[in-house]
Amino acid sequence: MTVLVIAEHDNSALNDATRAVITAAKKIGGDIHVLVAGKDAGGVAEAAAKLDGVAKVLHAEADVFASPTAEAMDALVTPLMDDYDAVLSAATTMGKNFMPRVAARLDVMQISDITAVESADTFVRPVYAGNAMMTVKSKDAKKVITVRPTTFEKAGDGGSASVEDLGASSGPFKSEFVSEELSESDRPELTQAKIVISGGRGMQSGDNFHLLDKIADKLGAAVGASRAAVDAGFVPNDYQVGQTGKVVAPELYIAVGISGAIQHLAGMKDSKVIVAINKDEEAPIFQVADYGLVADLFQALPELDEAL
Amino acid sequence: MKILVPVKRVVDYNVKVRVKPDQTGVDLANVKMSMNPFCEIAVEEAIRLKEKGVAEEIVVVSIGPAQAQETLRTALAMGADRGILIQTDETVEPLAVAKLLKAVTDEEKPEVVLLGKQAIDDDANQTGQMLAALLDWPQGTFASKVEIADGKATVTREVDGGLQTIALELPAVITTDLRLNEPRYASLPNIMKAKRKPIDTKAPDDFGVDIAKRLDVVKVSEPPKREAGIKVESVAELVDKLKNEAGVI
């Protein structure tokens, strides 16, 4: 049995999500190979080779992999699958984009967003916004799996795998990358932060998010938001924590002015410690919070800022 | 230009589903069902493209039980032109849905298939991408902005770090994210009018597609429950607890 893990990276550093996928791959068993597709991503390939448990790294270099389209990833990964029994990727926007394409080409039903590996063919995944956990057994010969990174330990270093260069997949492709507008921030990335502070509709405006920014800077936290805050236009969509946004599981999650709709809870209820600050003491968020503070956030936040 | 919009009938997004005690699934008896929210956004976007003169005809298709006809009627009342119901009482997995949609696409020959990025029941987020692969078409997933001109679609996508823009040659598959638009409510006259719009009913067999399941559901269980903790009286107490009890700051 040999498992292929698709590395997630920004061409300079390996994303921690990949370490979680390695752990999931170890639970499936067999040799683990990692594919690094990028542009000037030699450093990433070297980092992948050091991952504990990795036997081989495949490194594909091409302009088209600088910000690869699903089409380009599909063209690279699908032919490789002759040699593999399973392919795993993180359930990030990158993995979600190209993995189902690979699955369809292989005539395999993908298993999305797994949170546990029961055996080499049986996996647990959340459905209905995490209100139910479904255990499924795959009858397909090959497995195509995306992994929820927050539910698996991050594999450490300790390996010394060989790196093999692959030829680039050839086009022509019918889709091309045009541009990217990434949020600039000195703070940690939402899904990787140890502390997350999120605002909801109760923040009342985008400007008021600076109250959260100040606290985030003191705590080294990332700033998130509920769907209601995103829908109201307070902050961009990449702040969104929830069923349709990002899933986070930090050491500490501080929910400010968030009522706690089902779809928000789906994105943060695996956090280790949850704090809720809300003036409505009946808000459902208090049912999952370890520490609840019933207070007006416009008073509580400056006080919190002061106290830290 | 013709646009095909697949829509799914799912549990209403306000409903908190319960797991059945025998762990065979979730209890859907007497639960309110609606059109999947991302599908509504797809229908809305197709209608806007028609209003702008980019599209001429919008065909909606649903795969599901007889009641999925109501979902199609909702889309027709919003402004779609005609519907196709592929009727089955079986649970159809995304791969089989994609195969059925490929067969419909081969017949209907739309230039764009516009669909939701994810259904809020199985949360799989696969169908659009699988359809694009089966058709050998380019794809623009998680769209927050779509512009169609000169045989090309320019799609702005919601990605983890922000926004990404890609260009697709038509025909193409586009899947919708939340911020693409805000779907309209159907007016009463349009609901009445929708009753006379045609819906063609078919069966999976008509397309020669095997919908046998690839995944066996071993069990469906409750997620681990989180107990509510304590209420603190002040910010000072909160900071103290976080420092000294939880040890997280």
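Structure above, values below:
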{"quantity": "Checklist (1) within 26 Å of A:ALA37 (Cβ to Cβ); (2) in contact (Cβ under 8 Å) with a residue 12 or more places away in the chain; (3) surrounded by fewer than 21 Cβ atoms within 10 Å (Cβ to Cβ); (4) among the hydroxyl-bearing types (Ser, Thr, Tyr) applied to A:SER259, failing item", "calculated": "(1)"}
{"quantity": "Which numbered condition B:LEU215 fails, given (1) facing chain A (nearest Cβ under 7 Å); (2) touching a residue at least 60 places away in the same chain (Cβ under 8 Å); (3) exposed (fewer than 13 other Cβ atoms within 10 Å of the Cβ); (4) not β-branched (Val, Ile, Thr)", "calculated": "(3)"}
{"quantity": "In the stretch B:41-83, the residues that are among the hydrophobic types (A, V, I, L, M, F, W, C) and without any contact (Cβ under 8 Å) to a residue 12 or more places away in the chain", "calculated": "none"}
{"quantity": "Selection count where residues are away from chain B (no Cβ under 12 Å) and free of Cβ contacts under 8 Å to residues at least 40 places away in the same chain, scope the stretch A:188-203", "calculated": "1"}
{"quantity": "Residue list for the stretch A:165-201, filter: in a strand (DSSP E or B) and surrounded by fewer than 13 Cβ atoms within 10 Å (Cβ to Cβ)", "calculated": "A:ASP165, A:SER179"}
{"quantity": "Cross-chain or 6+ apart pairs with Cβ under 8 Å, the stretch B:117-134 first and within 7 Å of chain A (Cβ to nearest Cβ), then among the hydroxyl-bearing types (Ser, Thr, Tyr) and in a helix (DSSP H, G or I)", "calculated": "B:ILE120/A:TYR128; B:ASP121/A:TYR128; B:ASP123/A:TYR128"}
{"quantity": "Failed item in (1) surrounded by fewer than 22 Cβ atoms within 10 Å (Cβ to Cβ); (2) part of a strand (DSSP E or B), with A:ALA37 passing the rest", "calculated": "(1)"}
{"quantity": "Of the criteria (1) buried (at least 23 other Cβ atoms within 10 Å of the Cβ); (2) without any contact (Cβ under 8 Å) to a residue 24 or more places away in the chain; (3) more than 18 Å from the chain's Cα centre (by Cα), which one B:ILE166 fails", "calculated": "(2)"}
{"quantity": "Meets criteria (within 30 Å of B:LYS193 (Cβ to Cβ), touching a strand residue (DSSP E or B) at 6+ places or on another chain (Cβ under 7 Å) and touching a residue at least 24 places away in the same chain (Cβ under 8 Å)) for B:ALA143", "calculated": "yes"}
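Conditions (1) crowded, with 21+ Cβ neighbours inside 10 Å; (2) within 16 Å of the chain's Cα centre (by Cα), marked per residue:
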{"site": "B:ILE63", "(1), (2)": "yes, yes"}
{"site": "B:ALA66", "(1), (2)": "no, no"}
{"site": "B:ALA77", "(1), (2)": "yes, no"}
{"site": "B:VAL97", "(1), (2)": "yes, yes"}
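Computed from the coordinates by the stated procedures, all read-outs in this text should not be read as laboratory data. Computed from a predicted model, the values in this text were never measured in an experiment. Here Cβ is always computed from backbone atoms with ideal geometry, including for glycine, and neighbour counts include all displayed protein chains.
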